[in-house]
1. What are the ³J(HN,Hα) couplings of the range 315-327, residue after residue, when phi is run through the Karplus curve with 6.51, -1.76, 1.60 and θ = phi - 60°? Round to Hz, x for glycine and proline.
2. Quick one: divide the alpha-carbon radius of gyration of the range 5-153 by 2.2 N^0.38 Å and tell me what you get.
3. Where in the range 192-242 are there trypsin sites (Lys or Arg not before Pro) that are in a DSSP coil and have at most 14 other Cβ atoms within 10 angstrom of their Cβ?
4. Rank these for me by crowding, 179, 186, going from fewest to most other beta carbons within 10 Å.
5. So which trypsin sites (Lys or Arg not before Pro) in the range 1-40 end up in coil per DSSP with only 16 or fewer other C-beta atoms within 10 Å?
6. Using only the alpha-carbon atoms, what does the range 156-317 span along each of its principal axes? Please give whole angstrom values in decreasing order.
7. Quote to one decimal, in nm, the extra length available between residue 170 and residue 322 on full extension: 0.36 nm per residue of separation minus the C-alpha distance between them.
8. What percent antiparallel are the DSSP beta bridges of the chain, to the nearest 5?
Amino acid sequence: TSAPLKVAVTGAAGQIGYSLLFRLASGALAADRQIQLQLLEIEPALKALEGVVMELDDCAFPNLAGVEIGSDPEKIFDGVNLALLVGARPRGPGMERSDLLSANGAIFTAQGKALNKVAADDVRIGVTGNPANTNALIAMTNAPDIPDERFSALTRLDHNRAISQLAAKTGAAVTDITHMTIWGNHSATQYPDLFNAQVKGQNAAELVNDQEWLESTFIPTVAKRGAAIIEARGSSSAASAASATIDAARDWLFGTPEGDWVSMAVKSSGEYGVAEGLISSFPVTTSGGDWTIVEGLEVSDFSRGKIDATVAELADERKAVTELGLI
Ligand code: NAI
């Protein structure tokens, strides 16, 4: 039997952490393989995190090899095979966009440097904390010894939301839906693409045959789902974000299903006209812990416009963090 998979989670005492840790420990990521949790928080949240660890203990999870907590990224990231960067600075009252980018820039610069120094050679880094794509870009740029392909940002929640909406519209089961793609930024400009998606092997856009629904209902429902959940629940999506974080990591480490792909925000090499170096969401397959962007998909004029708009937003964010000296 192999050594425990060492998994770091940042922002572990937060809302997403409260769901994520228990699912990681119960086997949702690595089935029967033992997991060692390395939990990072800021100093004021460590007491709350101790309470969460008490609850983890009380679950007596058979596959939880151990838990370490702390506020020093160089200690917590030591030897980790997977780092799930969830903790981020939320936008507070009166905070400008540039304030948000610099606050997060400081966090992801420091964490990128620490990972570069102490993570395991095979480390994979998934960024959930927002603005996820640009935070991943900052961490990647600050970890020069870790291959760029080891960084990704989470658009799997958007992907899962799109599958769920399409299933509801067509009366299909979620398992009947394949080849879903989210393009671009994890933000309201993201583009969920039905033209390449399939329902039981049939083209989703043709099956739905309703451009009005696609443009005025489907895309905005998926893109603004986060706001709808805040409105209904009084807090942002947490359990679903944790679930998507696990789906993304599991498929990355253990492979996407044969004949299908998933959405992941990864470094562009110019595929589909996405500016090189941006961390942008694409259709990807994975195998042996490595991802490959699915190439050669058809991009209609409608899709082109949507992809260009979300990629322009990513380029703006990159420009802003470059001007702030973060990358
Ligand atoms: P939360 O505010 O409940 O928890 C965040 C935690 O991060 C807090 O406990 C905080 O102390 C911690 N933290 C802050 N700075 C840190 C640092 N430097 N090192 C370690 N920990 C630090 O927030 P929640 O709801 O858990 O969400 C976390 C992030 O995930 C947010 O940025 C949110 O916008 C993002 N998110 C992303 C989604 C996606 O699909 N990509 C979906 C939902 C949320």
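What follows draws every value from the coordinates through simple rules; no lab data is involved. Bear in mind the structure is a predicted one, so any value in this text is a computation, not a measurement. No Cβ is skipped: glycine too gets one built from the backbone with ideal geometry, and neighbour counts run over all protein chains shown.
1. 5, 4, 5, 5, 4, 4, 6, 5, 5, 7, x, 8, 9
2. 1.01
3. Values: sites: 200, 224, 225, 233; in loops: 200, 224.
Passing sites in the range 192-242 are 200, 224.
4. Details: 179 20, 186 30.
Placing the least packed residue first, the sequence is 179, 186.
5. Those that pass, being in a loop and sparsely packed, are 33.
6. Taking max minus min along each principal axis of the Cα atoms, the range 156-317 gives 36, 36, 33 Å.
7. 50.3 nm
8. On the way: 19 of 42 bridges.
Looking only at bridges with both residues in the chain, the antiparallel portion is about 45 percent.
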